[in-house]
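**Student:** Handing you a structure now.
The values are calculated or read from the model by the stated rules, or taken from the named source; none is laboratory data. Computed from a prediction, not measured in an experiment: that's the story for all the values here. Note that each Cβ is placed from the backbone with ideal geometry, even for glycine, and that neighbours are counted across all protein chains shown.
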Amino acid sequence: MHAITNSFSREISRHFDSYFEEYNLATSYIELILLVWKEGEISQKELAKRMNLAPSTITRFVQKLVKSGFVEKNKDGRIVSIKLTNNAKATAQKMHSSYKKAVQDLKEKLGEKFVSTTEQLLEHGTSLLVEDHTES
């Protein structure tokens, strides 16, 4: 099961990454940018929670995006929040359009019902596994 899940995950990543080649960023970075764009400003802690990634991974992503000029960090005590730079806001709009196109093309390739059902099953499975890890 692990091998086939990994294989499917890699193919989905390749599909999405192909829509963002012009930005020289993997889809995970694009998703972070889009989440910040949607929220306006969001804490790194909340980003880690919403993206289901380790805080250290979010820190690494944010550092790269700060260097690339996409986001800026604001620190208020122990809370570090992230927002898009003014220059990145128009780019985020283009990224959003590309993301929607990637999803639509995936639905055309695999079928809307397959994509919807798979998404629901993966969300449910993830929540069960996260719940299991937090109880341990």
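**Student:** Is at least one residue of segment 53-75 among the charged types (D, E, K, R) and more than 23 Å from residue 94 (Cα to Cα)?
**Tutor:** Residues of segment 53-75 that are among the charged types (D, E, K, R), as a first pass: 60, 64, 67, 72-73, 75.
Imposing the further condition that a residue be more than 23 Å from residue 94 (Cα to Cα) reduces the set to 60, 75.
Yes - at least one qualifying residue is present in segment 53-75.
**Student:** Conditions: (1) more than 23 Å from residue 122 (Cα to Cα); (2) part of a helix (DSSP H, G or I). Residue 29 meets all but one. Number of the miss?
**Tutor:** Of everything listed in (1) more than 23 Å from residue 122 (Cα to Cα); (2) part of a helix (DSSP H, G or I), residue 29 misses just condition (1).
**Student:** Pairs under 7 Å by beta carbon, first residue in contact (Cβ under 8 Å) with a residue 24 or more places away in the chain in segment 103-119, partner part of a helix (DSSP H, G or I), six or more apart or different chains?
**Tutor:** 106/15; 106/115
**Student:** When you look at residue 49, is it loosely packed, with under 15 Cβ neighbours inside 10 Å, out of contact with any strand residue (DSSP E or B) (no Cβ under 6 Å at 6 or more places or on another chain), assigned to a helix (DSSP H, G or I) and at pLDDT below 95, yes or no? Working first, answer last.
**Tutor:** Numbers: loosely packed, with under 15 Cβ neighbours inside 10 Å: yes; out of contact with any strand residue (DSSP E or B) (no Cβ under 6 Å at 6 or more places or on another chain): yes; assigned to a helix (DSSP H, G or I): yes; at pLDDT below 95: yes.
Answer is yes for this residue.
**Student:** Next question. Being in contact (Cβ under 8 Å) with a residue 24 or more places away in the chain, surrounded by 12 or more Cβ atoms within 10 Å (Cβ to Cβ), under 22 Å from residue 14 (Cβ atoms) and among the small types (Gly, Ala, Ser): is that true of residue 92 here? Steps first, please.
**Tutor:** On the way: in contact (Cβ under 8 Å) with a residue 24 or more places away in the chain: yes; surrounded by 12 or more Cβ atoms within 10 Å (Cβ to Cβ): yes; under 22 Å from residue 14 (Cβ atoms): no; among the small types (Gly, Ala, Ser): yes.
The answer is no for residue 92.
**Student:** Looking at segment 54-84, which of the residues that are hydrophobic (A, V, I, L, M, F, W, C) and surrounded by fewer than 16 Cβ atoms within 10 Å (Cβ to Cβ) is farthest from residue 25 (Cα to Cα)? Full working, then the answer.
**Tutor:** Keep residues of segment 54-84 that are hydrophobic (A, V, I, L, M, F, W, C), which gives 54, 58, 61-62, 65-66, 70-71, 79-80, 82, 84.
Filter once more, so that each one left must be surrounded by fewer than 16 Cβ atoms within 10 Å (Cβ to Cβ): 54, 66, 79.
Numbers: 54: 19, 66: 13, 79: 26 Å.
My answer is 79.
**Student:** Of the residues 7, 56, which is under 22 Å from residue 115 (Cβ atoms), out of contact with any Asp or Glu (no Cβ under 6 Å at 6 or more places or on another chain) and either of a type in the set (Ser, Thr, Tyr) or not in a helix (DSSP H, G or I) (or both)? Step through it out loud before you land on a result.
**Tutor:** Numbers: 56 fails: under 22 Å from residue 115 (Cβ atoms).
Result of the check over 7, 56: 7.
**Student:** What pairs come out if I take residues in segment 33-51 that are within 21 Å of residue 88 (Cα to Cα) and pair them with residues that are outside any helix (DSSP H, G or I) and of a type in the set (Ser, Thr, Tyr) whose C-beta lies under 7 Å away, six or more apart or interchain?
**Tutor:** Matching pairs, first to second residue: 41/81; 42/81; 43/81.
**Student:** State the number of residues belonging to segment 116-136 that are surrounded by 11 or more Cβ atoms within 10 Å (Cβ to Cβ), farther than 17 Å from residue 4 by Cβ and among the hydrophobic types (A, V, I, L, M, F, W, C).
**Tutor:** 1
Residue-wise test of (1) of a type outside the set (D, E, K, R); (2) within 19 Å of residue 17 (Cβ to Cβ); (3) assigned to a helix (DSSP H, G or I).
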site: 72; (1), (2), (3): no, no, no
site: 75; (1), (2), (3): no, no, no
site: 89; (1), (2), (3): no, no, yes
site: 95; (1), (2), (3): yes, yes, yes
site: 109; (1), (2), (3): no, yes, yes
site: 122; (1), (2), (3): yes, yes, yes
